[in-house]
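Beneath this line is the structure, given in structure tokens, with notes to follow.
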Amino acid sequence: MRRLWWKIVDTSGAAISLTVMIELKDVTRRFGTAVALDRISLTIEEGSFTSLLGPSGCGKSTTLRIIAGLDQPSEGDVVFAGRSVTGMTAAERNIAMVFQSYALYPHMTVRQNITLPLAMREMSRWERMVLLDRLLPSARRKSAALADKVHAVAAMLHIEALLDRKPNALSGGQKQRAAVARALVRDPVAFLLDEPLSNLDAALRVQMRSELTDLHRRTGRTFIYVTHDQSEAMSMSDRIAVIMQGRIVQVGRPPEIYEQPATREVAAFIGDHPINFLEVRAAAGPLPPPFDAFALDGAEAGRRIVVGLRPEGLRPAADGALIGRIERLEYLGSQAVATVALGGGYSVRAVLPTESGVAAVGEAVRLGFDAGRVHLFDAGSGERLAAGLVPLASGAVRPARRTTR
Amino acid sequence: MTVLAPITRLVGPALLILGAAVVLLPFFWMLSLSLKPADEIFAPGIHLLPSQIEWRNYLKAFEEVPLHRYLLNGVIVCGGILVFQILIAVPCAYALAQRRFWLNGAIFTLVLAGLLVPYHVTAIPVFLGLAELDLLNTYGALIIPFVASVFGIFLFRQFFATLPADLIDAARVDGLSEMAIVWRIAFPNAWPAATAFGIFSVVAHWNDLFWPLIAVSDPDLATPPRGILYFRDEEAGSDFGPLMAATTIITAPLVIAFLLAQRKFIQGVTMSGLKG
């Protein structure tokens, strides 16, 4: 069974260039009465780096475990290369996984850790037997071949010097590499990574990010990466699936997610600085303050809407539409984050440049923004509105650009 | 305060030494008697140390009864029990600790309940069963009743429950079957628990007199404590020197084994959350 499946994957991967590698079809997972995943559908392209991004407890790890075959969906189907694998075990699916805790076998050396999955796949029960493995000629031949593979992978991850150590003699970063090596060694259909960087310190995390993207480019394999860290997802992936409360809210390339968040929650989750939300009631003419320089295009009057302004999209401008006073200031070196009270109970955070001097707390500022990069959401449902802000008085703000990159 | 400090610091060790002396005295007395000449054993007055070392007691112990035979029986019985106990308890404990299945909780409750039942209670039904199977007076009668150890299942379960779930999942991803996970991943990581259990099991069965007394009457199958009894039944009831020498010989393996495994033993007991 295992052999057969391996062959199917091998040939279909080589002969037909199937672009869709992994597909989730209406996958629901219930734990008792609690619904962890609610009819999730997702296609993952061959060779892509896809991130499953969401806050903790949103169901992203459950999704990964269902793809891996460590958990089975209550309803729905998991499809690999056009073939349903629902009900198959992780080994039958031939996926590799890197765990958050690395999950290296503590009683084995790094070499044994990396060799084990290979031996399980390549060698028969008898060839793996202790003692017998030294006697059978086929076992000796195979273990020599395995040793070569292990060395090649260890060299790729620069851990050759650590092969004879036990995991508890390794640092966090070294354990991470050993875990990646164990996943990489046996040529799997896809690599699943479950928050692999969250146990590393900040500097190492940034370094491992680029090493992982590098590895993805070199191997050309499908990577599925689970994280709650939006900057990791944004910087590493081709595509991001944002999961919230057991549903996929948005799937897209990182710029799409950043520039056109599908819901208020996505907008709040993405971005280095938390986005500002200001709730106003749509009017027929000019909007109520602080947006009295704008009219609303595409939403009926009386509707409650939420205006999303990214702090990094606000900048000091002599003709800025938002007028307020700096209440709090966080100096960060290249920039400073100011909390500006706008009056009427509104306040926004803005990222201010520091090269021309830092403003002081209590100072009055005018902030301008590009009306085309404002996000509008329905206050009730949180859905993105197809509406836009239109500047009223000429010269009050820069003309709105509705185009998005 | 400063004057009292050294005294208070001495109280603890002093109490410990006193406790140790009380516990060790019978052992010391046994050792001392085993090395005393026969006439000195019954001499009036208390002499802790023999006036001269009498090694002949040890030779006599082997001459008067087949002590080597009893020791061998002890090794066979305790070894057999331990091997089967581990073969059975480890997979059971893994299933209880790491797999979700119907009645998992209920079965674990039964295991805990089983811990409360002294084996003397079931001795008669077990004896009747063995008689029915015609197994009395065999090694089987000494081994089979103990192969399923609820204590072993409990101890290993507590240990396996601390294994990270990721570790088990990683093994599944790597293509190990559940049985392979038990023996290649879970068990090798449970050495402290295995050592603790091994000591508990071997000590209990090596020292057990109750069951061998019931299940076997053949002197060739006698375990060490049962053998000592033959010793005392002989007409030489007054020959305490060789008797004490024999007792020393059968106690020694346990003491040595414990001293060697002490560190792992304490680890195993404390890590399973079981104190005592």
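Residue B:129 - would you say it is buried (at least 16 other Cβ atoms within 10 Å of the Cβ) and either within 23 Å of residue B:182 (Cβ to Cβ) or in the same structural domain as residue B:209 (by TED's automatic domain parsing) (or both)?
When the stated conditions are applied, residue B:129 does not pass them.
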Can you pull out every residue in region B:181-221 that is more than 22 Å from residue B:73 (Cβ to Cβ) and open to solvent by 20 Å² or more (accessible area, probe 1.4 Å)? B:183, B:184, B:187, B:188, B:189, B:191, B:195
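Going residue by residue through region B:35-55, is there one that turns out to be under 24 Å from residue B:245 (Cβ atoms), of a type in the set (Asp, Glu) and open to solvent by 30 Å² or more (accessible area, probe 1.4 Å)? Give the steps one after another, and end with the answer.
Of all residues in region B:35-55, those under 24 Å from residue B:245 (Cβ atoms) come to B:35-55.
If we keep only those that are of a type in the set (Asp, Glu) as well, we get B:39-40, B:54.
Checking the rest, the ones that are also open to solvent by 30 Å² or more (accessible area, probe 1.4 Å) come to B:39-40.
Looking for residues that are under 24 Å from residue B:245 (Cβ atoms), of a type in the set (Asp, Glu) and open to solvent by 30 Å² or more (accessible area, probe 1.4 Å), one finds at least one in region B:35-55, hence yes.
Quick grid of which residues meet (1) under 14 Å from the mean Cα position of the chain (by Cα); (2) aliphatic (A, V, I, L, M); (3) away from every other protein chain (no Cβ under 14 Å):
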residue: B:181; (1), (2), (3): no, yes, no
residue: B:189; (1), (2), (3): no, no, no
residue: B:198; (1), (2), (3): yes, no, yes
residue: B:209; (1), (2), (3): yes, yes, yes
residue: B:213; (1), (2), (3): no, yes, yes
residue: B:227; (1), (2), (3): no, no, yes
residue: B:241; (1), (2), (3): no, no, yes
residue: B:251; (1), (2), (3): yes, no, yes
residue: B:257; (1), (2), (3): yes, yes, yes
Residues of region B:154-179 being open to solvent by less than 50 Å² (accessible area, probe 1.4 Å), within 11 Å of chain A (Cβ to nearest Cβ) and either assigned to a loop (DSSP other than H, G, I, E, B) or hydrophobic (A, V, I, L, M, F, W, C) (or both), in sequence order, are B:163, B:167, B:168, B:170, B:171, B:173, B:174, B:175, B:176
Has region B:94-114 got any residue that is open to solvent by 20 Å² or more (accessible area, probe 1.4 Å), assigned to a helix (DSSP H, G or I) and within 14 Å of chain A (Cβ to nearest Cβ)? yes
Looking at region A:345-358 only, could you name the residues that are more than 18 Å from residue A:275 (Cα to Cα) and loosely packed, with under 12 Cβ neighbours inside 10 Å? A:355, A:356, A:357
Within region A:324-348, which residues are under 15 Å from residue A:363 (Cα atoms) and touching a Gly at 6+ places or on another chain (Cβ under 9 Å)? A:324, A:325, A:326, A:327, A:340, A:341, A:342, A:343, A:347, A:348
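If you take just the helices (runs of 4 or more DSSP H) that sit entirely in region A:99-163, which of them hold at least 3 residues that are modelled with pLDDT under 85 and either out of contact with any Asp or Glu (no Cβ under 8 Å at 6 or more places or on another chain) or more than 14 Å from chain B (Cβ to nearest Cβ) (or both)? Outline the logic, then answer.
Numbers: elements: A:110-122, A:125-128, A:132-135, A:137-156.
Passing ranges, in order: A:125-128, A:132-135, A:137-156.
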Does residue B:134 fit the bill of being free of Cβ contacts under 8 Å to residues at least 40 places away in the same chain and either within 13 Å of chain A (Cβ to nearest Cβ) or open to solvent by less than 20 Å² (accessible area, probe 1.4 Å) (or both)? no
Restricting region A:359-383 to residues that are β-branched (Val, Ile, Thr) and surrounded by 15 or more Cβ atoms within 10 Å (Cβ to Cβ), the residue that is farthest from residue A:333 (Cα to Cα): A:374
Go through region A:302-323 and count every residue that is open to solvent by 10 Å² or more (accessible area, probe 1.4 Å) and either modelled with pLDDT of 80 or more or touching a Gly at 6+ places or on another chain (Cβ under 9 Å) (or both). 12
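If the requirement is being part of a strand (DSSP E or B), away from chain B (no Cβ under 14 Å), over 11 Å from residue A:248 (Cβ atoms) and of a type in the set (Ser, Thr, Tyr), which of these qualifies: A:51, A:41?
Values: A:41 fails: over 11 Å from residue A:248 (Cβ atoms).
None of the others qualify; the one that does is A:51.
May I ask you to say which residue of B:194, B:171 is without any contact (Cβ under 8 Å) to a residue 24 or more places away in the chain and closer than 30 Å to residue A:120 by Cβ? Step through it out loud before you land on a result.
On the way: B:194 fails: without any contact (Cβ under 8 Å) to a residue 24 or more places away in the chain.
On inspection, the qualifying residue turns out to be B:171.
Do the conditions hold for residue A:87, that is, is it buried (at least 19 other Cβ atoms within 10 Å of the Cβ) and in contact (Cβ under 8 Å) with a residue 12 or more places away in the chain? So that I can check it myself, show each step before the final result.
On the way: buried (at least 19 other Cβ atoms within 10 Å of the Cβ): no; in contact (Cβ under 8 Å) with a residue 12 or more places away in the chain: yes.
So residue A:87 fails the test.
The values are calculated or read from the model by the stated rules, or taken from the named source; none is laboratory data. Computed from a predicted model, the values in this text were never measured in an experiment. All Cβ positions, even for glycine, are placed from backbone atoms using ideal geometry, and neighbour counts span all protein chains on display. The accessibility values were calculated without ligands, DNA or RNA, using every heavy atom of the protein model including side chains. Shrake-Rupley method; radii C 1.70, N 1.55, O 1.52, S 1.80 Å.
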